Amino acid sequence: MRGSGIVYLVGAGPGDPGLMTRRSLELIATADAILYDRLIPPGALDGAPKGADVRYVGKRPGQSALTQDEINDLLVELGRAGRRVVRLKGGDPFVFGRGGEEAEALAAAGVAFEVVPGVTAGVAAPAYAGIPVTHRDAASAVAFVTGHEDPEKADSALDWEALARFPGTLVLYMGVRNLPLVTERLVAAGRDPAEAAAVVERGTLPDQRTVTATLSEIASRVEEEGIRPPAVTAIGPVAGLRETIAWLERRPLYGEVVAVTRARAQASGLAARLRELGAEVVETPAIRIEARPVRLAGLADYALVCLTSPNGVRLLFEALGNLGLDARAFAGATVAAIGPGTAAELAGHGIRADVVPERSVAEALVDALASVQVEGRRVLVARASEARDVLPEALRKRGAEVDVLPLYDTLGERLTDGQLEALSRATYVTFTSSSTVRFLLESGGRVPDSARVVSIGPITSRALREHGLDVHVEAERHDVDGLVAALTEDAAARRVPAA
Ligand code: SAH
């Protein structure tokens, strides 16, 4: 295999995982070895193969990082050993990423390589702050500038006169510690002290912060606000456009940290909706769903089939699939769904529910079924193993012969220290079932005193109160959309000072 390896110099973008390129994700998913730095997006390595050799080669507190020569040698060695190597860097590999040096080393050693550009922080962080680095009327050129990490040496490689004269936006990639010296030098060399400037900290990440001021005042504003690396500075009239086109901060849930306690497998839809509205989402899954072996011959005997959760629908279809059956198994039956989420999951499998109550609770489903003839008929209630018996009991009282089919168990999930820490920062904690309440508290999760508690509906609210928690927001519609709507409304109401 000697000699058939390849090294990919890959940019991972500025921090928002959504800004990683398709190519970068493909390569991460098929790498034998991954060497990465500090500033890569959270979760960037989630798609790496299980057996991949994943190494951190950046700086660590108290420990020296590998030197650039050591990294170059390692890349050459792994490439020569026939490995598929991903060298993953923040932003773009060729913009202040030392990717050029790595490519030179690989070329010199005769190891094959490919360069995968990434979205660079100097363009992306300003963009997320509402600052276009070029603009037809305000800047027809942009310069990317870096300095030395050591403030004493900040000027060594830079031509201040040239930068002061540069007819366009200056984007500085460097430690904020250098800013006082750099801005002073620029002004001394003739740059307009009244020019607009902006510093963007942790651009494109959920806790991005931006400070704006004139060039002569920006360094002291940054100091006052306690801005820390990583940060980029944009200097030029374009920085003033932020006043009109800042967009991130105007999102309805900007600045909110929302904890999602539902099972990881079900969390993504809710998390995505919240992120789109500008929230930082922390996933603190309190439960997990475990499918049970199902004893079922088919649905032919049943006049009525009741489903009480989207998970139930999914697993019932799996069970039918195992029997070689599909949606046609429902042909003779009336189909009832407890709410819109369950109905939507059914629709995804080609079944339109005949009965969906207004409110997603068992009592409402019982009412909604009042006009369905069940006396002397067989009814299937497919659901979680642990659930209230309201529905089967009510149907039995009406003379139905009810089979309860337990499809899954809901189990508690241990939260990691990182998740517990994230939970402690939450401004909203969302609960989508009574089991999320019980298991979160049992696994040591604590709802911060200052957080608003959001419940999907009355049954979950009751569980919250039984556990001594106040319910600040209860969804009117008991599904994900209803929960998101109620949370957003609450956030809006709290933003405008009460009249
Ligand atoms: N190759 C990277 C830059 C590496 S140099 C790129 O193309 O983006 C590291 C510098 O990049 C940091 O000191 C900081 O100035 C900037 N930087 C990286 N990520 C950033 C982010 N999310 N927000 C603001 N600046 C960032």
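Amide H to amide H distances under 5 Å link Leu405 with Val381, Ala382, Arg383, where only residues 5 or more positions off or on other chains count and H is placed in the peptide plane. Straight Cα distances below 12 angstrom link Lys59 to the aspartates and glutamates Asp37, with same-chain residues fewer than 8 positions distant left out.
The trypsin sites (Lys or Arg not before Pro) of segment 40-112 that meet both conditions, a loop assignment by DSSP and at most 10 other Cβ atoms within 10 Å of the site Cβ, are Lys50.
Across the chain, C-alpha contacts under 8 Å between residues 6 or more apart give a mean separation that, scaled by the residue count, equals a relative contact order of 10 percent. In this rough spin-label picture, where each label sits 7 Å from Cα along the Cβ direction, the Asp403-Glu225 distance is 6.4 nm.
Place a point 7 Å from Cα of Ala108 in the direction of its Cβ. Which residues in segment 17-57 have their backbone N less than 12 Å from it? From segment 17-57, the list is empty.
The figure for His467 is an accessible area of roughly 80 square angstrom, using a 1.4 Å probe on the protein chains alone.
Remark: spin-label model distance Lys59-Asp490 equals 4.1 nm, labels positioned 7 Å along the Cα→Cβ axis. With R₀ set to 35 Å, the beta-carbon distance separating Glu217 from Arg414 gives a calculated FRET efficiency near 0.10. Put a dot 7 Å past the Cα of Arg396, heading toward its Cβ, do the same for Ala246, and the two dots end up 6.1 nm apart. Using Cα pairs closer than 8 Å and at least 6 residues apart in sequence, work out the relative contact order for segment 156-302, in percent. Computed over segment 156-302, the figure is 20 percent. In segment 315-339, whose amide N lies under 20 Å from the spot 7 Å out along Cα-to-Cβ of Ala291? List them in ranges. Those under the cut-off are 315-330.
Taking each residue as 0.36 nm, the span from Ala327 to Arg465 lengthens on full extension beyond its C-alpha to C-alpha distance by 45.7 nm.
The values are calculated or read from the model by the stated rules, or taken from the named source; none is laboratory data. Here the structure is a predicted model, which is why all the values come from computation and not from measurement. Every residue, glycine as well, gets a Cβ built from its backbone with ideal geometry; the counts of neighbours run over all protein chains shown. Protein only, heavy atoms only, side chains kept; ligands, DNA and RNA dropped before computing areas. Shrake-Rupley method; radii C 1.70, N 1.55, O 1.52, S 1.80 Å.
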